[in-house]
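Since the structure comes first, as structure tokens, the remarks are kept for the end.
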Amino acid sequence: MAEAFFNEVAATIGAEWINRSEETLRRYGENTMPGGDRRPLGVVYPGSTAEVQAIVRAANRHGVALYPVSTGNNIGLGSRSAVHAGQVVLDLGRRMNRILEIDETLAFAVVEPGVSYQAMYDELVRRGDKFMVDVTSGPPQGGMLGNALDKGAGYGPYFDHFGFSCGMEVVLGNGEVLRTGDGALQGSELPNWHVSKYSFGPILDGLFAQSNFGIVTRMGIWLLPRPPAVRSFHFTYPDDDDLAEIVDICRALKLSNFVPTLLRVANDVYLCGSEHPSPDYSPGDRAPISEAGRRALREKDGLGAWTVSGAFYGPSMAALEPQIERVRAAFGKSGKATYIPHEEALGFHALQVAINACSGVPGVGELGLLKWRPGGGNLWFLPGTPMVGSIANECQRISRRIYAEHGMDYMIMNVCSARFARGLHVITFDRENPDENARANACYEALARAYAERGIFVGRAPLDYHALHMGQAMPAFRDSCTAIKAALDPAGVIAPGRYGIG
Amino acid sequence: MQTDFTAAQLRDPAIREAADILGTCVHYGFCTNTCPTYVLSRDENESPRGRIDLIREMLESEAPPKAQTVAHLDSCLSCLSCMTTCAAKVDYAHLIDRARVHVERRHRRPLAERALRALLGFVLPRPRLFQVALALGRLGRPIQGLLPSRLRPVLAMIPERTQGRILAPQVFEAEGERRARVALLAGCAQQVLDGNINTATIRLLTRHGCEVVVAAGAGCCGSLTLHMGREEEAMAAAAANVRSWMRERRGEGLDAVIVNASGCGTTVKDYGHLLARTELAGEAREVAGIARDVTEFIAGIGLRPAAPERPRLRVTYHDACSMQHGQRVTRPPRDLLRAAGFEVVDVPEKHFCCGSAGTYNLLQPATAETLGGRKAGHIDSTAPDVVAAGNIGCLTQLRRYVGAPMAHTVELLDWATGGPLPPALAGVALQSRPAPQPEEAPAAAAAPAPNDDAGFW
Ligand SMILES: Cc1cc2nc3c(=O)[nH]c(=O)nc-3n(C[C@H](O)[C@H](O)[C@H](O)COP(=O)(O)OP(=O)(O)OC[C@H]3O[C@@H](n4cnc5c(N)ncnc54)[C@H](O)[C@@H]3O)c2cc1C
Ligand code: SF4
Ligand code: SF4
């Protein structure tokens, strides 16, 4: 079955684009989650949409499951390992990595799956740095297309990466090619494909985010004209419960869009963790970092229990002075906040990460988070809170308690928009220590249960927990997903099990 | 990563150190996509963590290294791109150096390969010998076909013209009031390939009030041999330099050791490690502590206002790997070139190596050529008037592929502050680019250029 599949693929796209070496299978199976690695059956590198179609058709004929990745840097959420062992990883990024178009009049780019944030940034700089692509603070070698499909987010005005994508080309489970939006019109000259999101008929784009209904081979991405000046501001707060005040202030700043970026509200462990490993932890520890330990961290690194970061865009640094004054007044009211100006923040590693993120500059500065504890375990738990201070604090209490019960260090950044803040919870653990590995898993599951009981769902999840979360959804949602899967991918060849579907 | 060394193996401090480094790799795999050899081949054994695994296996084993392992380690550029990306901060630099020493001691290469390595290891660090060898090499070109195949790429690498100038030990006096006294690492191969780099460096430094010493007894930094696994030779070279510069430091005083080849700079800054287990350990640390890339040093003391009547050229700045990944010096060269009135642009995919990598382009010519061509494509895409870099290796390698003239960063800074036109620009029609807009650039990490009609701010 599998052999026949590989033979057919070799005959169509060339045997050199199939990799089944021992090292490759081992490494593509690796991830950072507690459930262990998952060895694929092979890795295939298609070079075009037509080749993707041929591979999907072969998979249908031979009953083989494919797992598409674009740049494969989904670290903490599955890396490039498939849902189940024995699936064939379709690594699109190796060969399909062209920037197909950059329209400098309408400020959009069209990319293949393998275009990384770094490559897009470099190309935009090369063209005179007139535009910025909204970046994550994660790996620069991750890419816009895969990130948008996983509903990833950044920190500028175009933070909603799926929302600011426009027009896709998709290979469906039956091998057919679908163009979404204005691209659905028959023909080949389609001037509105990547500029109009809402066209005739149902909006099908959403079906391909966090699902397994198709393989996206092309996507439009909107770009923001680069502001001549980006001036950041930062405030530290001394106490955990100050989160409520912060969230209430941020809501006002965002509802009127006075601040164009999102506001990053990170706790001490999150910011210090991107600078250095936990000074308190030694292998096998079953206790979270102590209060005294946290205080020491804050003093050493000059940061607060919470640190807020955001930025203004404008024609010059000086022109932004009035905005800075007003934001200082807003955070200054209660007397609890300490202001860190832009120039000073450039000297703080962790705040530099925030500045880069708000400036559309990819960087590796935050990756150090993963080293907070040794052993390579990393999970992201991604619920959220309405932008109401009291609810944010309630969530904080739930999370703090559960992390502590499992001997994990509460590491979080709340990314605040107008009505909602995503709570980026990081669980960093020693994956090589079976006890700690089991506690990390139990911690994630307890968080998932507790938040569901509070009526809060997650926005994205590590592969290990896709089935768990789908199980938390109402039956009609699950049934709808199953029905769509059956319609678009009747043989179930695309990533069966991803997001708990199929 | 779990390791399995015996207690006896761990008694060797070098193995102990390697074991500790190996223990820190946790296989996130961030590094793979920034590793040039992996991106080219998609072979996991051609990736950092693949190599880390192979090194572990090799060092743990009592048997001689496997030929396959040696091939995967030889193909590593030591560009250290992986170290910039690695979240766990795995000290790959010292690990691969240890592995190369192990290979050198325990593996018997084919005769031709051994001879070539011995030849390079002996000739390159000795400028006068290298000068003779270059002349012989040029003579040998017409009969290339008759030479052993391993030698042919080496001959092909020899530049058409070189302007060698080998400096004797001496002191260059500061212009005006003396602000600092510095030693210049005159280097080895660089002096033969392009003597103007040192001359321009000395002019730039003396013009900025520095007395410059070319110290007696100092020579090759040891980097070329170190990266070939010939640790003893590298240590001997390092020790000679440390002794020589410490003599100066204790004598008339020395504020800095200036290096203008970033490959060498990375090694000198690491002398504390290289000589850690010798009686020179303390002094080596001291020397390492005052070692500076020339741009780092000039940025520290402040560039003198530029001479005004020069065309405003677009300089595409190429970050040598040793500069960006080894020493993490990325801002000073750009800041200085901007301050000197040039338009400075970056190279797309700048984290990638150009394929020079010490003796890499001589020993691994095929990969080096692919990388050289790829880098040149990116450089050419920026339409430069001139390309600047801070490492002779990159300059020599890229001159073979890049259309635009290439100069060392100090040559441009020297010119901009009153020195002569860099030889690479002689006879080139130079047109001025438009002046920057008066608005200040945003102080983001990478200062972007002001935009024009793209958006309204
Ligand atoms: C320190 C740190 C910080 C981070 N910060 C952020 C952040 O700020 N924002 C954020 O969003 N993430 C963040 N991440 C998470 C993650 O690393 C990034 O989201 C990353 O960009 C995702 O990987 P990728 O872009 O390579 O996508 P991929 O791994 O290529 O894709 C993600 C998933 O989407 C699916 N997929 C990919 N391509 C296709 C396709 N063509 N067709 C169908 N399905 C496809 C696959 O299931 C794949 O696993 C962070 C991670 C770390 C470790
Ligand atoms: S070297 Fe660093 S980034 Fe690469 S696999 Fe090891 S820990 Fe990960
Ligand atoms: S040093 Fe360069 S070539 Fe070697 S493993 Fe690291 S990134 Fe790859």
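The alpha carbon centroids of the stretch B:51-96 and the stretch A:294-322 are separated by 40 Å. For the stretch B:7-106, the square roots a ≥ b ≥ c of the C-alpha gyration tensor eigenvalues yield an a/c of 1.5 or more together with a/b not exceeding b/c, which makes the shape oblate. Amide hydrogen proximity for residue A:420: with H placed 1.01 Å from N in the peptide plane, the residues at 5 or more positions away or on another chain lying under 5 Å are A:387.
For the stretch B:370-409, the spherically averaged projection of the C-alpha convex hull amounts to 2.5 nm².
Counting only Cα atoms, the size of the stretch B:293-370 along its three principal axes is 44, 25, 20 Å, in decreasing order. As an exercise, use a Förster radius of 35 Å and the Cβ-Cβ distance of residue A:478 and residue A:21 to find the FRET efficiency, rounded to the nearest 0.05. About 0.35, to the nearest 0.05. Here the 3J(HN,Hα) profile of the stretch A:57-65, calculated from phi with Karplus coefficients 6.51, -1.76 and 1.60 at θ = phi - 60°, is 5, 5, 4, 4, 5, 10, x, 10, 8 Hz, Gly and Pro shown as x.
Counted by Cβ distance under 11 Å from residue B:6, the other residues give a net charge of -3, where Lys and Arg count +1 and Asp and Glu count -1. Its residue count N fixes a reference of 2.2 N^0.38 Å for the stretch B:170-299, and the Cα radius of gyration divided by that reference is 0.99. Computed from backbone phi, the HN-Hα couplings of the stretch A:430-446 come to 7, 6, 8, 9, x, 5, 5, 4, 5, 5, 4, 4, 5, 4, 4, 5, 5 Hz, rounded to whole numbers (Karplus: 6.51 cos²θ - 1.76 cosθ + 1.60, θ = phi - 60°; Gly and Pro given as x).
Remark on chain A: A:166, A:272, A:358, A:395, A:443, A:481 stand apart, with no other cysteine beta carbon under 4.7 Å. Amide hydrogen proximity for residue A:218: with H placed 1.01 Å from N in the peptide plane, the residues at 5 or more positions away or on another chain lying under 5 Å are A:169. Among the protein heavy atoms, those of residue B:269 account for about 60 Å² of accessible surface (1.4 Å probe, every chain in place). Eigenvalues of the alpha-carbon gyration tensor of the stretch B:74-152, scaled by 5 and square-rooted, set the equivalent ellipsoid semi-axes at 32, 16, 13 angstrom, largest first. A cut-off of 5 Å between modelled amide H atoms, ignoring neighbours fewer than 5 places along the same chain, links residue B:291 with B:257.
The radius of gyration of the Cα set in the stretch A:307-431, together with its Dmax, comes out at 16.8, 50 angstrom. Rounded to the nearest 5, the antiparallel percentage of DSSP beta bridges internal to the protein assembly as shown is 65%.
Each Cα pair of the stretch B:336-381 feeds into the Kirkwood radius, which the Stokes-Einstein equation turns, at 4 °C and 1.567 mPa s, into a diffusion coefficient of 109 µm²/s. Taking only the Cα atoms of the stretch A:176-272, the radius of gyration and Dmax are 20.6, 60 Å. Out of every Cα-Cα pair in the stretch B:111-157, what percent are more than 16 Å apart? When all Cα pairs of the stretch B:111-157 are counted, 39 percent exceed 16 Å. Summed over all non-identical Cα pairs, the Kirkwood treatment of the stretch B:226-339 gives a radius of 15.6 Å.
Over 23 Å apart: what share of the alpha carbon pairs of the stretch B:305-425 falls there, rounded to a whole percent? Result: 26 percent of Cα pairs exceed 23 Å. Hey, for a label at residue A:394 modelled as a point 7 Å past Cα toward Cβ, could you say which residues of the stretch A:426-452 have their backbone N under 13 Å away? The answer is A:451-452.
Rg then Dmax, both in Å and based on the Cα atoms of chain A: 22.7, 71. Restricting attention to the protein assembly as shown, lysine pairs at least eight places apart or on different chains and with alpha-carbon atoms under 24 angstrom apart total 18.
Principal semi-axes of the equivalent ellipsoid, √(5λ) from the alpha carbon gyration tensor of the stretch A:229-461, are 30, 19, 15 Å from largest down. Taken over the stretch A:224-283, the convex hull of the Cα atoms encloses 141 Å³ per residue. Distance between the modelled labels on residue B:383 and residue B:277, one decimal in nanometres: 5.6 nm (7 Å Cα→Cβ projection). Using R0 = 25 Å, the C-beta based FRET efficiency linking residue A:486 and residue A:185 works out to 0.40.
Here the average projected area of the convex hull drawn through the C-alpha atoms of the stretch A:99-225 stands at 7.5 nm². According to the calculation over all Cα-Cα pairs in chain B, the P(r) per 10 Å bin from zero is 4, 20, 30, 27, 14, 4, 0 %.
Start at zero, step by 20 Å, and the Cα-Cα distances of the protein assembly as shown spread as 13, 43, 36, 8, 0 percent across the bins. Whole-Hz Karplus values for the stretch B:157-172 come out as 6, 5, x, 4, 10, 10, 10, x, 8, 9, 7, 7, x, 5, 10, 9 Hz, taken residue by residue from phi with 6.51 cos²θ - 1.76 cosθ + 1.60 and θ = phi - 60°; glycine and proline positions read x. Accessible-area rank, largest first, for A:321, A:453: A:453, A:321, with all protein chains present and a 1.4 angstrom probe.
Computed per residue of the protein assembly as shown from DSSP H runs no shorter than four, each worth -39500 (n - 2.57), the mean residue ellipticity at 222 nm is -11500 deg cm²/dmol. Computed over protein heavy atoms with a 1.4 Å probe, the carbon and sulfur contribution to the accessible area of the protein assembly as shown reaches 55%.
Per residue, the accessible area of the protein assembly as shown comes to 37 Å², computed with a 1.4 Å probe over protein heavy atoms only. For helix B:196-207, what angle does its Cα long axis make with the longest principal axis of chain B, in degrees from 0 to 90 and rounded to 10? That works out to roughly 60 degrees. Note every residue of the stretch A:206-247 with a reduction of at least 30 square angstrom in accessible area, all protein chains present versus the isolated chain, computed with a 1.4 Å probe, or write none. Listed by number, the residues meeting the 30 Å² cut-off are A:225, A:226, A:228. Helix B:365-380 and the longest principal axis of the Cα set of chain B meet at an angle near 30°. Rg to Rh for the stretch A:18-101: what is it, with Cα atoms only and Rh by Kirkwood? A ratio of 0.98.
Rounded, prolate or oblate, given the Cα gyration tensor of the stretch A:225-354, with a/c below 1.5 counting as rounded? Taking the square roots of the gyration eigenvalues as a ≥ b ≥ c, the stretch A:225-354 is prolate. By the beta carbon rule, with partners counted only under 4.7 Å, chain B holds these lone Cys residues: B:25, B:35, B:76, B:86, B:210, B:354, B:394.
The values are calculated or read from the model by the stated rules, or taken from the named source; none is laboratory data. It should be emphasised that the depicted structure is a prediction, and the values quoted were computed from it without experimental measurement. Cβ sites come from the backbone with ideal geometry, for glycine too, and all protein chains shown count toward neighbours. Just so you know, the surface numbers come from the protein's heavy atoms only, side chains and all, with ligands and any DNA or RNA stripped out. Shrake-Rupley method; radii C 1.70, N 1.55, O 1.52, S 1.80 Å.
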